[in-house]
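K.L.:
Before anything else, here's the structure in question.
The values are calculated or read from the model by the stated rules, or taken from the named source; none is laboratory data. Model, not experiment: these values are computed from the prediction. All Cβ positions, glycine included, derive from the backbone under ideal geometry; neighbour counts span all protein chains shown. To get the accessible areas, we keep the full protein, side chains included, count just its heavy atoms, and leave off ligands, DNA and RNA. Shrake-Rupley method; radii C 1.70, N 1.55, O 1.52, S 1.80 Å.
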Amino acid sequence: MTAAHRVWRLGRDIDTDVLAPGAYMKLGIEGIAPHCLEAVRPEFAKGVQSGDVIAAGPGFGIGSSREQAAAALVHLGVVAVIAPSYSGLFFRNAFNVGLLLLTCAQAEVLDEGEAIALDLPAPAVVRADGTTLRCVPVPEFLLDMVRAGGLLPLLRRRLHPSLPPAAS
């Protein structure tokens, strides 16, 4: 189990245009991330801290295939998203950039600001009162990507094991 993570609560059908607004796409991830979720949570980008998680409703990451949507969350320090369902493209993009997605039918019971722990071997979300929310198992190869910081760092490590890990 990992340390406590603070929950940011979002609704259903959070799309990639809200995560990575099109008007900022030419700026690169450093220019996109400060605008992440500003249409639904204007305070998010300035208030999110490294280690925080998002709990959302179904349909997280719907919309376009832009990988910057997941990358903006990683850039801001979000370590996981917990939701009942995800867009297929967002799902793969998230793991490719090292963002953990936990599919949890009960994600919407988590409260804004709540401190939770992630039990990845289970997998489960553990609330402060000990209540456990079961999640769909995450394949080991996807967990390897998250641990490595994404697909490219994982491949770099496998192809050149003597090299030090790349800086994020």
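K.L.:
For the range 107-117, just list the computed ³J(HN,Hα) in residue order, Karplus coefficients 6.51, -1.76 and 1.60, θ = phi - 60°, integers in Hz, with x standing in for Gly and Pro.
P.N.:
Result, ordered by residue: 3, 6, 7, 5, 9, 3, x, 5, 9, 10, 10 Hz.
K.L.:
For the range 1-93, what is the accessible area per residue in Å² when the probe is 1.4 Å?
P.N.:
Spelled out: the 1.4 Å probe surface of the range 1-93, per residue, equals 43 Å².
K.L.:
Could the peptides 72-78, 115-121 be put in order, highest first, of the mean number of other beta-carbon atoms found within 10 Å of their residues?
P.N.:
Top to bottom by mean Cβ count within 10 Å: 72-78, 115-121.
K.L.:
Given the rule -39500 (n - 2.57) for each run of at least 4 DSSP H residues, summed and divided by the residues of the chain, what is its mean residue ellipticity at 222 nm, to the nearest 500 deg cm²/dmol?
P.N.:
-7000 deg cm²/dmol
K.L.:
I've got another one for you. Could you tell me, in Å, what Rg and Dmax come out for the Cα atoms of the chain?
P.N.:
15.3, 45
K.L.:
Follow-up question, since we're still on this one. Farthest toward the dipole's positive end in the range 47-168, which of P58, P123, G98, given Cβ charges of +1 (Lys, Arg) and -1 (Asp, Glu) about the Cα centre?
P.N.:
G98
K.L.:
Can you say what percent of the DSSP beta bridges in the chain, counting only those with both residues inside, are antiparallel? Round to 5.
P.N.:
Counting only bridges with both partners in the chain, antiparallel ones make up about 45 percent.
K.L.:
With charges set only on the Cβ (+1 for Lys and Arg, -1 for Asp and Glu), what does the dipole of the chain come to about its Cα centre, in debye to the nearest 20?
P.N.:
Value, rounded to 20: 500 debye.
K.L.:
How do the peptides 102-111, 125-134 rank, highest first, by the average count of neighbouring beta carbon atoms within 10 Å per residue?
P.N.:
102-111, 125-134
K.L.:
Which of A70, G113, S85 sits closest to the plus end of the dipole of the range 1-130, meaning its Cα is farthest towards the positive end, when Lys and Arg get +1 and Asp and Glu get -1 on the C-beta?
P.N.:
Checked the options; the winner is A70.
K.L.:
Which is farthest toward the positive dipole end of the range 1-95 among V48, L27, L37, measuring Cα position about the Cα centre, with Cβ charges +1 (Lys, Arg) and -1 (Asp, Glu)?
P.N.:
About the Cα centre, the residue reaching furthest to the positive side is V48.
K.L.:
When only DSSP loop residues count, what trypsin sites (Lys or Arg not before Pro) in the range 7-48 have their Cβ near at most 14 other Cβ atoms within 10 Å?
P.N.:
Qualifying residues, ordered by number: R12.
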